[in-house]
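FYI, it's all coordinate maths here, none of it is from the lab. Computed from a predicted model, the values in this text were never measured in an experiment. Glycine also receives a Cβ, built like all others from the backbone with ideal geometry; neighbour counts cover every protein chain displayed.
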Amino acid sequence: METTAIKNLQVFTLTDEKTNQIYYGCNQEWYTSFWRRLSGCGPSTACNILFYLYQTRMAGEKAKRFHNKANCVAWMNEVWRYVTPTFRGIPTTKLFYESVLAYAQAKQMKVTYNVCNLPKAKASRPAFDEVVTFLKEALRQDTPVAFLNLCNGEEVNLEAWHWVTIVALECSGDERSVFVDIADGGMIKKIDLSLWYRTTKKGGGFVYFVTEP
């Protein structure tokens, strides 16, 4: 299996200052309101990606971590002001990248986006190797990928109508067997992307961001 991954997963590590438990990235369950906990997967994913870009491109050699849960929650609430779910959450890649770009512009972060959509109609979807190439290109640029899953199909380790952060990809030589590592709920999980692609009924999409000088 060939692996392509971001360079520094440790950027995402943080500690719960009360329990000393280690997490990887944001968990929407840390929001204080019920609505934010229910619909916060998109903002949490945006938070992960923006933080990684900031720490690996703009923060020099300063400590490249969230450090603790309290700092992470503060960042999540800041990002929420721009990446704000509708009553249906953030159900499209367009709404996601437009919201992230609005935050980046407000914070004077120069970024551009790249998107790969997987429509509901299977005949309109890109070939699986195109999806894999898209993800590899992102990860080789040391950029996490936002993954919108509208229907998880037969992949039981993935929630439906949900955003997660892709941090690594493993594939066989013929690219028929492909797995991705995702940051979700403060944990790293592995899902079978090829199974998802074959069985999802509603599709979804992928977005990554590149910083500009």
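Observations on the structure shown:
- Of all residues making up the range 16-41, the number that are in a helix (DSSP H, G or I), of a type in the set (Gly, Ala, Ser) and exposed (fewer than 12 other Cβ atoms within 10 Å of the Cβ): 0
- Any hit, the range 37-55, residues being charged (D, E, K, R) and farther than 23 Å from Val145 by Cβ: yes
- Residues in the range 42-59 that are in contact (Cβ under 8 Å) with a residue 60 or more places away in the chain and either assigned to a strand (DSSP E or B) or of a type in the set (S, T, N, Q) (or both): Ser44, Thr45, Asn48, Thr56.
- Yes/no for Phe179 being over 13 Å from the mean Cα position of the chain (by Cα), surrounded by fewer than 17 Cβ atoms within 10 Å (Cβ to Cβ) and aromatic (Phe, Trp, Tyr): no
- Matching residues in the range 77-92 - criterion: being in contact with a Phe, Trp or Tyr (Cβ under 8 Å, 6 or more places away or on another chain) and among the hydroxyl-bearing types (Ser, Thr, Tyr): Tyr82
- Any hit, the range 186-200, residues being of a type outside the set (D, E, K, R), buried (at least 19 other Cβ atoms within 10 Å of the Cβ) and on the phi > 0 side of the Ramachandran plot: yes
- Subset of the range 1-15 (residues that are in a loop (DSSP other than H, G, I, E, B) and touching a helix residue (DSSP H, G or I) at 6+ places or on another chain (Cβ under 7 Å)): Ile6, Asn8
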